[in-house]
Amino acid sequence: MNEELAALQETFQRRGFQVEICENIAQAAKVVHEMIDKVTPAPTIGFGNSMTVKSAGLQESLAQVAKDTYIHALVGTAESDKKALTADFYLTSANAVSMDGHIVNIDGNGNRTAATCFGPKQVIYLIGKNKITQTLDEAMQRAKKAAVLNAKRYNKKTPCAVTGKCENCLSPDCVCSVTTIHRKKPLGVQMTLIFIDEEAGL
Ligand code: SF4
């Protein structure tokens, strides 16, 4: 087993998270289905806007077993995002996770940061090894780099989309409204981290 992922598993288990380690995205998708497929009655499932979750094909495959799915819309505070906040499961990735036990996410809308703190019964993170940093400080830096890439990806009218680095903007299109740091599992929610031993997402 990848020693770094094994160390992460121990660190986050001590912080109240359930942790799985997978060799690749396909195996991670299988683990997610093992968690969800047999749940009765069929559960509702919310999704953030994770490239990792999308690349696992989970939005499509889980729709076959879910009572309903709520998928993030890119513009505004959509009804599906509100429903996702009270779903049985919520699937997302993280912007960064540190070996010292922190998960960092930066959102423009705040739907993912909200859903990963309170609301859904179970949150499942799929996290590629490229998201791993040593410290919380490095995780914050990595999350900010991901924000710059996201601003470019969605053609946001932000200075970083032009310069390629964070300019600490307050523009209407800013994708950095809310930052969350999880240092332990929040009370009242089950949370599973699936670490993937390959690169996935930004
Ligand atoms: S420039 Fe604005 S949108 Fe871009 S990363 Fe910095 S704060 Fe976020």
Quick count over region 170-180, residues being surrounded by fewer than 14 Cβ atoms within 10 Å (Cβ to Cβ) and more than 10 Å from the ligand (Cβ to nearest atom), is 1
Quick one: which of ALA114, ALA161, ALA147, ALA139 is touching a helix residue (DSSP H, G or I) at 6+ places or on another chain (Cβ under 6 Å) and of a type outside the set (Lys, Arg)?
ALA161
Return the pairs, sorted by first residue and then second, in which the second residue is more than 10 Å from the ligand (Cβ to nearest atom) and of a type in the set (S, T, N, Q), the first residue lies in region 170-182 and is in contact (Cβ under 8 Å) with a residue 24 or more places away in the chain, the beta carbons are less than 6 Å apart, and the residues are 6+ apart or on different chains.
VAL178/THR113; THR180/ASN105; THR180/THR113
Among the listed residues ILE45, ILE103, identify the single one that is in contact with a helix residue (DSSP H, G or I) (Cβ under 7 Å, 6 or more places away or on another chain), within 17 Å of GLN190 (Cα to Cα), in contact (Cβ under 8 Å) with a residue 24 or more places away in the chain and in a strand (DSSP E or B).
ILE45
Would you please list the contacts, defined by Cβ atoms under 7 Å and residues six or more apart or on different chains, that run from a residue in region 139-156 that is closer than 14 Å to CYS169 by Cβ to a residue that is polar (S, T, N, Q) and crowded, with 21+ Cβ neighbours inside 10 Å?
ALA151/THR158
Here are some conditions: (1) among the acidic types (Asp, Glu); (2) surrounded by fewer than 15 Cβ atoms within 10 Å (Cβ to Cβ); (3) closer than 20 Å to GLN18 by Cα. ASP68 meets all but one. Which one does it not meet?
(3)
Region 155-169, residues that are of a type outside the set (A, V, I, L, M, F, W, C) and more than 6 Å from the ligand (Cβ to nearest atom):
ASN155, LYS156, LYS157, THR163, GLY164, LYS165
Identify all residues within region 59-93 that are among the hydrophobic types (A, V, I, L, M, F, W, C) and touching a residue at least 60 places away in the same chain (Cβ under 8 Å); write none if there are none.
LEU74
Every pair of residues 6+ apart whose Cβ atoms lie under 8 Å, when the first sits in region 8-19 and is touching a residue at least 24 places away in the same chain (Cβ under 8 Å) while the second is among the acidic types (Asp, Glu) and surrounded by fewer than 16 Cβ atoms within 10 Å (Cβ to Cβ):
THR11/ASP100
Surrounded by 14 or more Cβ atoms within 10 Å (Cβ to Cβ), modelled with pLDDT under 95 and closer than 19 Å to MET51 by Cα: which single residue out of LEU193, LEU91, LEU202 fits that description?
LEU202
Check LYS152, LYS131, LYS144 and return the single one that is within 16 Å of the ligand (Cβ to nearest atom), basic (Lys, Arg) and within 26 Å of ARG15 (Cα to Cα).
LYS144
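The values are calculated or read from the model by the stated rules, or taken from the named source; none is laboratory data. Predicted model only: the values in this text are computed from it and were never measured. Here Cβ is always computed from backbone atoms with ideal geometry, including for glycine, and neighbour counts include all displayed protein chains.
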